[in-house]
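The structure appears below as structure tokens.
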Amino acid sequence: VQLVESGGGFVQAGGSLRLSCTTSESTDAMAWYRQAPGKQRELVAAISSGSRVTKYEDSVKGRFTISRDNAKNTIYLQMNDLKPNDTAVYYCHGPGISSWGQGTQVTVSS
């Protein structure tokens, strides 16, 4: 499965971005991860194959929303009220996928 993330950018604190992850084929459960400079990659949000179940890392609850469009093989991450601590490279990934995409950079200024 090939993964292509997009939608990142530079925003001021309080702003919004919508990330997209397009996969080369259908996938099962998927998740968004992020990695800030000097830190380990962490899980941000996850969604089941049928969108029935979602989960979020505590610091993004109420601000981020994960969703997917299986007809388009695309997973989204709507990010609102962005904070400087959200600055990171964001990746999507899922169980059984052997490689990672290039990620998309999100930079939030204070």
Legend entry - Residues that are of a type outside the set (Phe, Trp, Tyr), under 13 Å from Val44 (Cβ atoms) and under 11 Å from the mean Cα position of the chain (by Cα), drawn from region 66-85: Ile66, Ile75, Leu77, Gln78, Met79
Legend entry - Pairs with Cβ under 6 Å, 6+ apart, first in region 59-74 and in contact (Cβ under 8 Å) with a residue 12 or more places away in the chain and assigned to a strand (DSSP E or B), second of a type in the set (S, T, N, Q) and open to solvent by 40 Å² or more (accessible area, probe 1.4 Å): Thr65/Gln78; Ile66/Thr54; Arg68/Ser51; Thr74/Thr22
Legend entry - Among residues of region 9-49, those that are open to solvent by less than 40 Å² (accessible area, probe 1.4 Å), under 17 Å from Ile97 (Cβ atoms) and part of a loop (DSSP other than H, G, I, E, B), counted: 3
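Which members of region 68-97 meet the condition of being among the aliphatic types (A, V, I, L, M), within 17 Å of Gln35 (Cα to Cα) and open to solvent by 20 Å² or more (accessible area, probe 1.4 Å)?
Residues of region 68-97 that are among the aliphatic types (A, V, I, L, M), as a first pass: 71, 75, 77, 79, 82, 88-89, 97.
Checking the rest, the ones that are also within 17 Å of Gln35 (Cα to Cα) come to 77, 79, 82, 88-89.
Selection gives Val89 alone.
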Inset, instruction - Please specify each residue of region 98-108 satisfying the condition of being open to solvent by less than 50 Å² (accessible area, probe 1.4 Å) and either in contact with a Gly (Cβ under 9 Å, 6 or more places away or on another chain) or among the β-branched types (Val, Ile, Thr) (or both). - result: Gly103, Thr104, Val106, Thr107, Val108
Legend entry - Of the criteria (1) at pLDDT below 95; (2) more than 21 Å from Ser110 (Cα to Cα), which one Pro37 fails: (2)
Inset, instruction - Output the qualifying pairs, or none if there are none: Cβ atoms under 6 angstrom, residues six or more apart or on different chains, first residue in region 27-39 and on the phi < 0 side of the Ramachandran plot, second residue surrounded by fewer than 14 Cβ atoms within 10 Å (Cβ to Cβ) and among the polar types (S, T, N, Q). - result: Ala29/Ser48
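The values are calculated or read from the model by the stated rules, or taken from the named source; none is laboratory data. Values in this document were obtained by computation on a predicted structure and should not be read as measured data. Quick reminder, even Gly has a Cβ in these numbers, built from the backbone with ideal geometry, and neighbours come from all protein chains shown. Note: accessible area is taken over every heavy atom of the protein model, side chains too, but ligands, DNA and RNA are not part of it. Shrake-Rupley method; radii C 1.70, N 1.55, O 1.52, S 1.80 Å.
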